[in-house]
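Down below is the structure, laid out as structure tokens.
The values are calculated or read from the model by the stated rules, or taken from the named source; none is laboratory data. Not measured: the values here are computed from a predicted model. With ideal geometry, Cβ positions are generated from the backbone for all residues, glycine too; neighbour counts draw on all protein chains shown. Keep in mind that these areas ignore ligands, DNA and RNA; they rest on the heavy atoms of the full protein, side chains included. Shrake-Rupley method; radii C 1.70, N 1.55, O 1.52, S 1.80 Å.
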Amino acid sequence: MDIQLVQLQKHGDERGSLVALEDQRNVPFSIKRAYYLFGTKEGVRRGFHAHKKLQQMAIVVRGQCRFHLDDGKEQVEILLDNPAQGLMIPPGLWHEMYDFSSDCVLLVLANEHYDESDYIRKYEDFAMEKK
Ligand code: TYD
């Protein structure tokens with residue numbers, strides 16, 4: 001599977017670090033929505049969907065979590081623990097998130113507003129579409 005991890009430039013100096021996220025520059029789409037997950041309880045697994053059209057980029061700005069990615073052919077587990085790394089979640093990619101550290105803040109940028117009709121929430125529907 002072609003996993004797209006975007007390396008985000010870190011502007012660091014003796015004061016600390018800064019990462020900028022810019023529409024059509026290091027984020028390869030127009031950002032229309034941002035949301036973040038935090039305070040995720042131990043042992044929780046979430047996600048369990050793919051999108052029909054939505055483009056997203058996930059950045060763990062604090063802590064760490066793992067992603068389970070499935071393109072219908074291959075399944076991959078990936079650890080996100082670097083605030084200067086963005087994981088692209090293109091449409092048609094089944095994803096689940098798990099192993100959240102207690103301090104994890106997972107920021108997600110998206111190119112559209114929230115739209116439940118863009119979700120594929122049943123794995124069997126996802127698998128059927130991939131056939
Ligand atoms: P949910 O889809 O269950 O999150 P995940 O699939 O990442 O585990 O979303 C939880 C709730 O938040 C659900 O009621 C929908 C709502 N929500 C919004 O209102 N706007 C958003 O941008 C997102 C991602 C979710």
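Would you list, by chain and number, the aspartates and glutamates whose Cα falls below 18 Å from the Cα of Lys10, excluding same-chain residues fewer than 8 positions away?
Of all the aspartates and glutamates, those that pass the test against Lys10 - Cα under 18 Å, at least 8 places apart if same chain - are Glu22, Asp23, Asp81.
Run down the aspartates and glutamates and flag those whose C-alpha is under 20 Å from the C-alpha of Lys52, throwing out any fewer than 8 positions away in its chain.
Filter leaves Asp2, Asp70, Asp71, Glu74, Glu96, Glu112, Asp115, Glu116, Asp118, Glu124, Asp125, Glu129.
Using θ = phi - 60° and the Karplus form 6.51 cos²θ - 1.76 cosθ + 1.60, what ³J(HN,Hα) does each residue of the stretch 33-46 get, whole Hz, x for Gly and Pro?
Once rounded to whole Hz, the list reads 8, 9, 9, 9, 10, 8, x, 5, 6, 4, x, 6, 10, 9.
Filter the chymotrypsin sites (Phe, Trp or Tyr not before Pro) in the stretch 25-131 down to the DSSP loop ones having no more than 15 other Cβ atoms within 10 Å, then list what survives.
Loop-located and lightly packed - Tyr114.
Note down the relative contact order for the chain as a percent, whole number, built from C-alpha pairs under 8 angstrom at least six residues apart.
Details: 299 pairs, mean separation 45.2, N = 131.
Relative contact order, the chain: 35 percent.
Would you mind telling me the share, in percent, of accessible area of the chain contributed by carbon and sulfur at probe 1.4 angstrom?
On the way: 3770 of 7970 Å².
After summing per-atom areas, the C and S share lands at 47 percent.
Any of Lys41/Lys122; Lys53/Lys73; Lys41/Lys131 with alpha carbons more than 31 Å apart? Name them for me.
Lys41/Lys131
Considering only Ala34, Tyr123, His11, whose Cα is most displaced toward the positive end of the charge dipole of the chain, charges sitting on Cβ of Lys, Arg (+1) and Asp, Glu (-1)?
Ala34
Report the Cα centroid-to-centroid distance between the stretch 106-121 and the stretch 9-80 in angstrom, as an integer.
12 Å
Return one whole number: the accessible area per residue of the chain in Å², for a 1.4 Å probe.
61 Å²
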